[in-house]
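The values are calculated or read from the model by the stated rules, or taken from the named source; none is laboratory data. None of these values were measured; they are calculated from a predicted model. Here the Cβ positions follow ideal geometry from the backbone for every residue, glycine too, while neighbour counts run over all protein chains shown. Accessible surface is based on the protein model in full, side chains and every heavy atom, while ligands, DNA and RNA are left aside. Shrake-Rupley method; radii C 1.70, N 1.55, O 1.52, S 1.80 Å.
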Amino acid sequence: MKPKRKLTLSIMGIIVVISVLYWVFYTPNLADDEVAYVLAGGLTSRSAVVSFNTYRPAKVRVQVSTEAITFANSHYSAYTETIAENYNTSKVLLDSLQPDTQYYYRLEINDTIDAFEGYSGTFTTPKDGAFSYKVAFGSCMVTGSNSDIFEQIAREDPLLFISTGDLHYENINRNCEANFIQAYYRVFSSSAQSKLYRSTAFAYMWDDHDYGNNNSDASSACQQDAIAAYRDFIPHYPLAFQEDKAPISQTFSLGRVRFILTDLRSQKVKPEYDGCERTKVGTNFGSEAHMKWFQDQMLLAKDSGQVVVWLSGIPYINHEGGPNYDCDEDDDWGGFPEERQAIANFVKEHQIPISIICGDAHMVAMDDGSNSDYAEGGGAPIPVFHAAPIDRYGSYKGGPYSKGYRSRSGQYGTIEVEDNGGNEVCLTWTAKDKNGNVVQSNTEQELSYQFCLPISSDS
Ligand SMILES: [Fe+2]
(Lines give C-alpha, C1' and ligand atoms only; values in the text may rest on other atoms or scores of the structure.)
Protein backbone atom coordinates (compact mmCIF):
# COMPACT_ATOMS: atom_id res chain seq x y z
CA MET A 1 0.00 0.00 0.00
CA LYS A 2 1.23 3.46 -0.88
CA PRO A 3 2.05 5.63 2.16
CA LYS A 4 -0.41 8.33 1.04
CA ARG A 5 -3.29 5.86 0.81
CA LYS A 6 -2.30 4.31 4.15
CA LEU A 7 -2.45 7.77 5.78
CA THR A 8 -5.88 8.46 4.28
CA LEU A 9 -7.25 5.15 5.59
CA SER A 10 -5.77 5.81 9.04
CA ILE A 11 -7.38 9.25 9.22
CA MET A 12 -10.74 7.80 8.14
CA GLY A 13 -10.41 5.07 10.77
CA ILE A 14 -9.71 7.61 13.49
CA ILE A 15 -12.74 9.65 12.41
CA VAL A 16 -14.97 6.54 12.57
CA VAL A 17 -13.63 5.59 16.05
CA ILE A 18 -14.15 9.14 17.37
CA SER A 19 -17.67 9.22 15.92
CA VAL A 20 -18.59 5.91 17.56
CA LEU A 21 -17.10 6.98 20.92
CA TYR A 22 -19.00 10.30 20.67
CA TRP A 23 -22.39 8.60 20.24
CA VAL A 24 -21.66 5.96 22.87
CA PHE A 25 -20.41 8.27 25.61
CA TYR A 26 -22.03 11.61 24.76
CA THR A 27 -24.19 12.93 27.59
CA PRO A 28 -26.46 15.69 26.39
CA ASN A 29 -25.96 19.04 27.97
CA LEU A 30 -28.45 19.08 30.83
CA ALA A 31 -29.55 22.54 29.85
CA ASP A 32 -30.71 21.18 26.49
CA ASP A 33 -32.44 18.09 27.67
CA GLU A 34 -33.89 18.28 31.13
CA VAL A 35 -37.62 18.52 30.64
CA ALA A 36 -39.81 15.83 29.07
CA TYR A 37 -42.95 17.95 29.13
CA VAL A 38 -44.71 20.90 30.71
CA LEU A 39 -48.32 22.05 30.53
CA ALA A 40 -50.76 24.27 32.41
CA GLY A 41 -54.30 23.62 33.60
CA GLY A 42 -56.69 24.39 36.43
CA LEU A 43 -57.07 27.85 34.92
CA THR A 44 -59.05 30.45 36.84
CA SER A 45 -59.04 34.23 36.67
CA ARG A 46 -56.34 34.32 39.35
CA SER A 47 -54.48 31.02 39.25
CA ALA A 48 -53.20 28.12 37.19
CA VAL A 49 -51.46 24.81 37.84
CA VAL A 50 -48.31 23.84 35.93
CA SER A 51 -47.34 20.16 35.63
CA PHE A 52 -43.98 18.95 34.38
CA ASN A 53 -41.71 15.96 34.04
CA THR A 54 -37.94 16.18 34.28
CA TYR A 55 -35.64 13.46 33.01
CA ARG A 56 -33.69 13.47 36.29
CA PRO A 57 -34.55 14.47 39.86
CA ALA A 58 -34.37 18.25 40.10
CA LYS A 59 -35.28 21.29 42.12
CA VAL A 60 -37.87 23.14 40.08
CA ARG A 61 -39.94 26.29 40.24
CA VAL A 62 -41.96 28.09 37.60
CA GLN A 63 -41.33 31.67 36.54
CA VAL A 64 -44.33 33.58 35.24
CA SER A 65 -44.55 36.98 33.60
CA THR A 66 -46.69 39.03 31.25
CA GLU A 67 -43.60 39.66 29.10
CA ALA A 68 -42.79 36.88 26.65
CA ILE A 69 -39.23 37.88 25.82
CA THR A 70 -37.84 39.64 28.86
CA PHE A 71 -39.90 37.99 31.59
CA ALA A 72 -39.85 41.41 33.23
CA ASN A 73 -41.65 41.83 36.57
CA SER A 74 -41.89 38.08 36.87
CA HIS A 75 -42.79 36.10 39.91
CA TYR A 76 -42.26 32.50 40.87
CA SER A 77 -44.13 29.51 42.18
CA ALA A 78 -42.90 27.77 45.32
CA TYR A 79 -40.05 25.30 44.82
CA THR A 80 -40.79 21.65 44.31
CA GLU A 81 -38.53 18.63 43.94
CA THR A 82 -39.08 16.11 41.21
CA ILE A 83 -38.11 12.75 42.67
CA ALA A 84 -37.62 9.29 41.25
CA GLU A 85 -40.45 7.83 43.38
CA ASN A 86 -42.83 10.16 41.53
CA TYR A 87 -41.23 9.44 38.19
CA ASN A 88 -39.65 12.91 38.31
CA THR A 89 -43.07 14.43 37.76
CA SER A 90 -44.59 17.22 39.81
CA LYS A 91 -46.82 20.28 39.65
CA VAL A 92 -47.02 23.71 41.21
CA LEU A 93 -49.68 26.34 41.75
CA LEU A 94 -49.33 29.79 40.23
CA ASP A 95 -51.46 32.19 42.22
CA SER A 96 -51.62 35.97 42.48
CA LEU A 97 -52.44 36.17 38.78
CA GLN A 98 -54.63 38.92 37.38
CA PRO A 99 -57.82 38.30 35.35
CA ASP A 100 -57.91 38.84 31.59
CA THR A 101 -54.14 38.71 31.20
CA GLN A 102 -51.85 36.68 28.98
CA TYR A 103 -49.06 35.04 30.94
CA TYR A 104 -45.88 33.32 29.86
CA TYR A 105 -44.21 30.71 32.02
CA ARG A 106 -40.96 28.77 31.97
CA LEU A 107 -39.17 26.38 34.24
CA GLU A 108 -36.20 27.05 36.47
CA ILE A 109 -34.31 23.81 36.88
CA ASN A 110 -31.68 23.49 39.64
CA ASP A 111 -31.48 27.30 39.97
CA THR A 112 -31.03 27.86 36.24
CA ILE A 113 -33.70 29.49 34.14
CA ASP A 114 -33.77 27.84 30.78
CA ALA A 115 -35.20 29.71 27.85
CA PHE A 116 -35.41 26.58 25.68
CA GLU A 117 -38.76 26.68 23.92
CA GLY A 118 -39.85 23.26 25.11
CA TYR A 119 -39.73 24.43 28.74
CA SER A 120 -42.15 27.26 28.31
CA GLY A 121 -45.77 28.01 27.63
CA THR A 122 -48.50 30.58 27.76
CA PHE A 123 -52.11 30.90 28.84
CA THR A 124 -54.59 33.72 29.27
CA THR A 125 -56.60 34.13 32.43
CA PRO A 126 -60.36 34.62 32.00
CA LYS A 127 -62.12 37.80 33.01
CA ASP A 128 -64.22 37.87 36.13
CA GLY A 129 -67.89 38.09 35.18
CA ALA A 130 -69.47 38.20 31.74
CA PHE A 131 -67.22 38.03 28.68
CA SER A 132 -66.97 36.32 25.30
CA TYR A 133 -64.38 33.70 24.38
CA LYS A 134 -63.75 30.44 22.56
CA VAL A 135 -62.87 26.98 23.83
CA ALA A 136 -61.93 23.95 21.74
CA PHE A 137 -62.52 20.32 22.62
CA GLY A 138 -62.21 16.80 21.31
CA SER A 139 -61.63 13.21 22.29
CA CYS A 140 -60.08 10.01 21.03
CA MET A 141 -56.46 10.31 20.01
CA VAL A 142 -53.89 7.64 19.19
CA THR A 143 -51.49 7.32 22.13
CA GLY A 144 -48.79 9.96 21.77
CA SER A 145 -50.34 11.21 18.52
CA ASN A 146 -48.27 13.70 16.58
CA SER A 147 -51.10 14.63 14.23
CA ASP A 148 -51.16 18.04 12.55
CA ILE A 149 -54.65 18.50 13.98
CA PHE A 150 -53.15 19.69 17.27
CA GLU A 151 -51.47 22.60 15.51
CA GLN A 152 -54.78 23.39 13.82
CA ILE A 153 -56.52 23.44 17.20
CA ALA A 154 -53.79 25.73 18.54
CA ARG A 155 -54.46 28.08 15.59
CA GLU A 156 -58.00 28.49 16.94
CA ASP A 157 -56.35 30.30 19.84
CA PRO A 158 -58.86 28.92 22.35
CA LEU A 159 -58.92 30.13 25.93
CA LEU A 160 -58.94 26.46 26.91
CA PHE A 161 -58.56 23.08 25.25
CA ILE A 162 -60.73 20.40 26.84
CA SER A 163 -59.79 16.79 26.26
CA THR A 164 -63.12 15.03 26.61
CA GLY A 165 -61.65 11.56 27.01
CA ASP A 166 -59.60 8.82 25.38
CA LEU A 167 -56.52 11.00 25.70
CA HIS A 168 -54.68 7.74 24.97
CA TYR A 169 -55.61 4.16 24.17
CA GLU A 170 -53.38 2.30 26.61
CA ASN A 171 -56.31 0.34 28.15
CA ILE A 172 -54.33 0.01 31.36
CA ASN A 173 -55.28 -2.88 33.62
CA ARG A 174 -51.98 -4.00 35.14
CA ASN A 175 -48.71 -2.52 36.39
CA CYS A 176 -50.99 0.44 36.83
CA GLU A 177 -48.92 3.28 38.23
CA ALA A 178 -45.97 2.87 35.86
CA ASN A 179 -48.25 2.44 32.88
CA PHE A 180 -50.18 5.63 33.62
CA ILE A 181 -46.95 7.58 33.98
CA GLN A 182 -45.71 6.16 30.71
CA ALA A 183 -48.98 7.02 28.98
CA TYR A 184 -48.91 10.61 30.23
CA TYR A 185 -45.30 10.88 29.13
CA ARG A 186 -46.14 9.69 25.62
CA VAL A 187 -49.09 12.08 25.33
CA PHE A 188 -47.58 15.22 26.78
CA SER A 189 -44.12 14.86 25.26
CA SER A 190 -45.47 14.39 21.74
CA SER A 191 -44.20 17.45 19.90
CA ALA A 192 -47.49 18.34 18.16
CA GLN A 193 -49.57 17.85 21.32
CA SER A 194 -47.02 19.63 23.48
CA LYS A 195 -47.20 22.70 21.24
CA LEU A 196 -50.97 22.84 21.73
CA TYR A 197 -50.79 22.25 25.48
CA ARG A 198 -48.13 24.93 25.88
CA SER A 199 -50.14 27.41 23.79
CA THR A 200 -53.19 27.49 26.06
CA ALA A 201 -54.66 25.97 29.20
CA PHE A 202 -55.70 22.33 29.39
CA ALA A 203 -58.67 20.60 31.04
CA TYR A 204 -59.31 16.89 30.92
CA MET A 205 -61.88 14.25 31.81
CA TRP A 206 -61.16 10.65 30.99
CA ASP A 207 -63.32 8.09 29.24
CA ASP A 208 -62.86 4.33 29.04
CA HIS A 209 -59.56 3.75 27.18
CA ASP A 210 -57.56 6.27 29.21
CA TYR A 211 -59.08 5.14 32.53
CA GLY A 212 -59.01 1.36 31.96
CA ASN A 213 -60.09 -1.13 29.32
CA ASN A 214 -62.67 -0.65 26.60
CA ASN A 215 -66.01 0.18 28.31
CA SER A 216 -64.30 0.10 31.70
CA ASP A 217 -66.13 0.74 34.97
CA ALA A 218 -65.62 0.75 38.74
CA SER A 219 -64.35 -2.83 38.65
CA SER A 220 -61.22 -1.87 36.68
CA ALA A 221 -58.12 -3.48 38.20
CA CYS A 222 -56.38 -0.08 38.09
CA GLN A 223 -59.26 2.01 39.46
CA GLN A 224 -57.43 3.36 42.50
CA ASP A 225 -54.12 3.91 40.71
CA ALA A 226 -55.83 5.61 37.79
CA ILE A 227 -57.43 8.07 40.19
CA ALA A 228 -54.15 8.58 42.06
CA ALA A 229 -52.18 9.14 38.84
CA TYR A 230 -54.73 11.69 37.63
CA ARG A 231 -54.62 13.55 40.95
CA ASP A 232 -50.84 13.55 41.15
CA PHE A 233 -49.84 14.34 37.59
CA ILE A 234 -52.67 16.08 35.70
CA PRO A 235 -53.07 19.85 36.13
CA HIS A 236 -56.75 19.75 37.08
CA TYR A 237 -59.37 21.85 38.84
CA PRO A 238 -60.19 21.14 42.51
CA LEU A 239 -61.83 17.72 42.68
CA ALA A 240 -65.27 17.29 44.18
CA PHE A 241 -64.25 14.29 46.30
CA GLN A 242 -61.05 13.43 48.14
CA GLU A 243 -61.43 9.80 49.24
CA ASP A 244 -59.08 7.18 47.76
CA LYS A 245 -61.42 5.71 45.15
CA ALA A 246 -63.61 8.78 44.67
CA PRO A 247 -64.51 10.10 41.20
CA ILE A 248 -62.38 12.82 39.62
CA SER A 249 -65.40 14.99 38.82
CA GLN A 250 -64.72 18.71 38.90
CA THR A 251 -66.21 22.01 37.89
CA PHE A 252 -64.97 25.43 36.85
CA SER A 253 -66.34 28.70 35.58
CA LEU A 254 -65.26 30.75 32.58
CA GLY A 255 -67.25 33.96 32.62
CA ARG A 256 -70.88 33.08 33.19
CA VAL A 257 -70.54 29.49 32.00
CA ARG A 258 -70.07 26.71 34.53
CA PHE A 259 -68.40 23.66 33.03
CA ILE A 260 -69.23 20.47 34.91
CA LEU A 261 -66.87 17.59 34.13
CA THR A 262 -68.39 14.34 35.37
CA ASP A 263 -66.36 11.16 35.83
CA LEU A 264 -68.74 8.55 34.41
CA ARG A 265 -66.18 5.73 34.31
CA SER A 266 -64.49 5.15 37.65
CA GLN A 267 -67.73 4.68 39.60
CA LYS A 268 -69.81 3.07 36.85
CA VAL A 269 -71.74 -0.12 37.56
CA LYS A 270 -73.05 -1.63 34.35
CA PRO A 271 -76.57 -2.92 33.89
CA GLU A 272 -76.97 -6.67 33.47
CA TYR A 273 -79.09 -8.40 30.86
CA ASP A 274 -80.57 -11.79 30.13
CA GLY A 275 -80.76 -11.49 26.36
CA CYS A 276 -82.65 -8.25 25.86
CA GLU A 277 -84.20 -8.31 29.31
CA ARG A 278 -82.45 -6.08 31.81
CA THR A 279 -82.01 -7.96 35.08
CA LYS A 280 -80.06 -5.26 36.93
CA VAL A 281 -80.19 -1.48 36.67
CA GLY A 282 -76.82 0.24 36.17
CA THR A 283 -75.41 3.61 37.19
CA ASN A 284 -72.83 5.88 35.60
CA PHE A 285 -72.45 8.10 38.67
CA GLY A 286 -72.14 5.13 41.01
CA SER A 287 -73.39 6.79 44.19
CA GLU A 288 -76.06 9.12 45.46
CA ALA A 289 -73.38 11.50 46.73
CA HIS A 290 -71.88 11.80 43.24
CA MET A 291 -75.27 12.43 41.63
CA LYS A 292 -76.22 14.90 44.34
CA TRP A 293 -72.98 16.79 43.75
CA PHE A 294 -73.83 17.02 40.04
CA GLN A 295 -77.34 18.26 40.75
CA ASP A 296 -76.04 20.74 43.33
CA GLN A 297 -73.59 22.12 40.75
CA MET A 298 -76.36 22.60 38.20
CA LEU A 299 -78.49 24.40 40.76
CA LEU A 300 -75.59 26.49 42.00
CA ALA A 301 -74.87 27.57 38.42
CA LYS A 302 -78.45 28.62 37.81
CA ASP A 303 -78.75 30.39 41.17
CA SER A 304 -75.54 32.31 40.61
CA GLY A 305 -76.54 33.57 37.17
CA GLN A 306 -74.62 31.05 35.05
CA VAL A 307 -75.43 28.60 32.30
CA VAL A 308 -74.07 25.05 32.26
CA VAL A 309 -71.90 23.07 29.86
CA TRP A 310 -72.02 19.47 31.09
CA LEU A 311 -69.28 17.16 29.87
CA SER A 312 -70.75 13.68 29.65
CA GLY A 313 -67.95 11.58 28.19
CA ILE A 314 -70.42 8.96 26.98
CA PRO A 315 -73.18 9.61 24.39
CA TYR A 316 -76.36 11.05 25.93
CA ILE A 317 -78.75 10.32 23.07
CA ASN A 318 -79.64 6.68 22.47
CA HIS A 319 -82.96 4.94 22.89
CA GLU A 320 -85.21 2.29 21.45
CA GLY A 321 -85.86 3.06 17.80
CA GLY A 322 -82.60 4.98 17.44
CA PRO A 323 -80.29 4.19 14.51
CA ASN A 324 -77.66 2.45 16.63
CA TYR A 325 -79.66 1.20 19.59
CA ASP A 326 -79.00 -2.30 20.91
CA CYS A 327 -81.36 -3.79 23.46
CA ASP A 328 -78.48 -4.59 25.82
CA GLU A 329 -76.78 -1.18 25.84
CA ASP A 330 -74.22 -0.64 28.60
CA ASP A 331 -71.69 1.80 27.08
CA ASP A 332 -73.81 4.95 26.75
CA TRP A 333 -76.83 6.56 28.41
CA GLY A 334 -79.14 4.28 26.40
CA GLY A 335 -78.38 1.53 28.94
CA PHE A 336 -79.04 3.80 31.95
CA PRO A 337 -82.52 5.19 31.26
CA GLU A 338 -83.58 5.62 34.91
CA GLU A 339 -80.50 7.63 35.86
CA ARG A 340 -80.75 9.74 32.70
CA GLN A 341 -84.42 10.42 33.35
CA ALA A 342 -83.63 11.53 36.90
CA ILE A 343 -81.17 14.07 35.47
CA ALA A 344 -83.66 15.23 32.83
CA ASN A 345 -86.42 15.54 35.44
CA PHE A 346 -84.10 17.64 37.60
CA VAL A 347 -83.23 19.88 34.65
CA LYS A 348 -86.94 20.29 33.89
CA GLU A 349 -88.00 20.87 37.50
CA HIS A 350 -85.35 23.51 38.14
CA GLN A 351 -85.29 24.93 34.61
CA ILE A 352 -81.50 24.52 34.42
CA PRO A 353 -80.02 26.38 31.41
CA ILE A 354 -77.79 23.57 30.15
CA SER A 355 -76.08 22.06 27.13
CA ILE A 356 -74.10 18.82 26.83
CA ILE A 357 -70.76 18.06 25.20
CA CYS A 358 -69.79 14.42 24.67
CA GLY A 359 -66.85 12.29 23.64
CA ASP A 360 -66.35 8.56 23.15
CA ALA A 361 -68.22 8.19 19.84
CA HIS A 362 -65.78 8.80 16.98
CA MET A 363 -67.88 11.38 15.20
CA VAL A 364 -69.00 14.97 15.21
CA ALA A 365 -72.75 15.29 15.76
CA MET A 366 -75.24 17.88 17.00
CA ASP A 367 -78.76 17.80 18.29
CA ASP A 368 -80.86 20.88 19.02
CA GLY A 369 -82.83 19.07 21.72
CA SER A 370 -85.28 17.38 19.33
CA ASN A 371 -83.98 13.93 20.23
CA SER A 372 -82.59 14.48 23.72
CA ASP A 373 -85.67 15.10 25.85
CA TYR A 374 -85.74 12.32 28.42
CA ALA A 375 -87.79 14.06 31.12
CA GLU A 376 -90.99 12.36 32.18
CA GLY A 377 -93.65 13.84 29.95
CA GLY A 378 -91.00 15.94 28.17
CA GLY A 379 -89.59 19.32 29.15
CA ALA A 380 -85.79 18.87 29.07
CA PRO A 381 -84.73 19.20 25.41
CA ILE A 382 -80.99 19.70 25.96
CA PRO A 383 -78.70 20.59 23.02
CA VAL A 384 -75.97 17.94 22.54
CA PHE A 385 -72.61 18.32 20.76
CA HIS A 386 -70.18 15.49 20.01
CA ALA A 387 -66.66 16.30 18.76
CA ALA A 388 -64.33 13.42 17.90
CA PRO A 389 -62.19 11.64 16.90
CA ILE A 390 -59.05 13.75 17.03
CA ASP A 391 -57.20 11.15 14.98
CA ARG A 392 -58.68 7.69 15.63
CA TYR A 393 -60.91 6.04 13.01
CA GLY A 394 -64.54 7.13 12.65
CA SER A 395 -67.65 5.46 14.11
CA TYR A 396 -71.32 6.34 14.56
CA LYS A 397 -72.97 5.86 17.95
CA GLY A 398 -76.27 6.78 19.55
CA GLY A 399 -78.56 9.27 17.91
CA PRO A 400 -80.49 10.32 16.01
CA TYR A 401 -79.01 13.82 15.82
CA SER A 402 -81.14 16.63 14.41
CA LYS A 403 -78.19 18.35 12.72
CA GLY A 404 -76.69 15.10 11.50
CA TYR A 405 -73.27 13.61 12.11
CA ARG A 406 -70.00 12.78 10.39
CA SER A 407 -67.83 9.86 11.46
CA ARG A 408 -64.38 10.47 10.05
CA SER A 409 -60.88 10.73 11.48
CA GLY A 410 -59.47 14.19 12.27
CA GLN A 411 -62.29 16.22 13.83
CA TYR A 412 -62.73 18.58 16.78
CA GLY A 413 -65.20 21.14 18.08
CA THR A 414 -65.24 24.78 19.08
CA ILE A 415 -67.64 26.55 21.42
CA GLU A 416 -67.83 30.31 21.00
CA VAL A 417 -69.38 31.92 24.03
CA GLU A 418 -71.01 35.28 23.40
CA ASP A 419 -71.92 37.06 26.59
CA ASN A 420 -72.48 40.81 26.81
CA GLY A 421 -73.74 40.63 30.37
CA GLY A 422 -77.42 40.62 29.46
CA ASN A 423 -80.11 38.12 30.39
CA GLU A 424 -78.80 35.31 28.22
CA VAL A 425 -75.57 33.63 27.15
CA CYS A 426 -75.28 32.53 23.53
CA LEU A 427 -73.19 29.61 22.34
CA THR A 428 -72.06 28.88 18.80
CA TRP A 429 -70.98 25.29 18.21
CA THR A 430 -68.86 24.42 15.20
CA ALA A 431 -67.58 20.99 14.18
CA LYS A 432 -64.32 21.26 12.27
CA ASP A 433 -61.98 18.99 10.37
CA LYS A 434 -58.21 18.79 10.73
CA ASN A 435 -57.79 21.70 8.30
CA GLY A 436 -60.13 23.92 10.28
CA ASN A 437 -62.99 23.67 7.78
CA VAL A 438 -66.57 23.33 9.01
CA VAL A 439 -67.65 19.70 8.70
CA GLN A 440 -70.55 18.83 6.41
CA SER A 441 -72.91 16.36 8.07
CA ASN A 442 -74.18 13.14 6.51
CA THR A 443 -77.24 15.16 5.49
CA GLU A 444 -75.03 17.79 3.81
CA GLN A 445 -75.66 20.45 6.42
CA GLU A 446 -72.88 22.53 7.92
CA LEU A 447 -72.39 21.15 11.39
CA SER A 448 -72.73 24.33 13.39
CA TYR A 449 -75.44 25.50 15.72
CA GLN A 450 -76.12 28.69 17.61
CA PHE A 451 -78.48 29.00 20.55
CA CYS A 452 -78.92 31.09 23.67
CA LEU A 453 -79.60 30.00 27.23
CA PRO A 454 -81.34 32.29 29.71
CA ILE A 455 -79.73 33.67 32.84
CA SER A 456 -82.09 33.02 35.73
CA SER A 457 -83.96 36.14 36.78
CA ASP A 458 -83.78 34.93 40.41
CA SER A 459 -79.98 35.02 40.47
FE1 LIG B 1 -62.63 6.81 21.81
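Of the chymotrypsin sites (Phe, Trp or Tyr not before Pro) found in the range 73-110, the ones in coil according to DSSP and having at most 13 other Cβ atoms within 10 Å of their Cβ are Tyr79. Between the C-alpha center of the range 374-401 and that of the range 414-459 there is a gap of 15 Å. For chymotrypsin sites (Phe, Trp or Tyr not before Pro), the sites in the range 327-414 that DSSP calls loop and that have at most 14 other Cβ atoms within 10 Å are Tyr393.
Counting only heavy atoms of the protein chains and using a 1.4 Å probe, Asp326 has close to 80 Å² of accessible surface. Normalised by the number of residues in the chain, the mean separation of alpha-carbon contacts (under 8 Å, six or more apart) gives a relative contact order of 13 percent. Cβ-Cβ distance of Ser370 and Asn435, R₀ of 30 Å, FRET efficiency by 1/(1 + (r/R0)^6): the value works out to about 0.50. Distance between the C-alpha centres of the range 245-313 and the range 136-190: 22 Å, rounded to the whole angstrom. For the range 213-273, the set of trypsin sites (Lys or Arg not before Pro) satisfying both a DSSP loop assignment and a count of at most 15 other C-beta atoms within 10 Å is given as Lys245. In plain terms, the chain from Cys276 to Glu117 could stretch by 51.6 nm, reckoned as 0.36 nm per residue minus the Cα-Cα distance. Taking the chain, the Cys residues with no second Cys beta-carbon under 4.7 angstrom are Cys140, Cys358. Counting GluC sites (Glu not before Pro) as exposed when in a DSSP loop with at most 14 other beta carbons within 10 Å, what is the longest stretch of the chain free of them? Here the longest run is 68-242.
Prolate is the label for the chain. Its Cα gyration tensor axes, ordered a ≥ b ≥ c, give a/c of at least 1.5 and a/b above b/c. For the cross-link pairs Lys280/Lys302; Lys397/Lys434; Lys127/Lys432, the ones whose C-alpha atoms lie over 30 Å apart are Lys280/Lys302. Computed from phi, the 3J(HN,Hα) profile of the range 161-170 under the Karplus parametrisation 6.51, -1.76, 1.60 (θ = phi - 60°) reads 10, 10, 7, 9, x, 6, 5, 8, 10, 7 Hz, with x in place of Gly and Pro.
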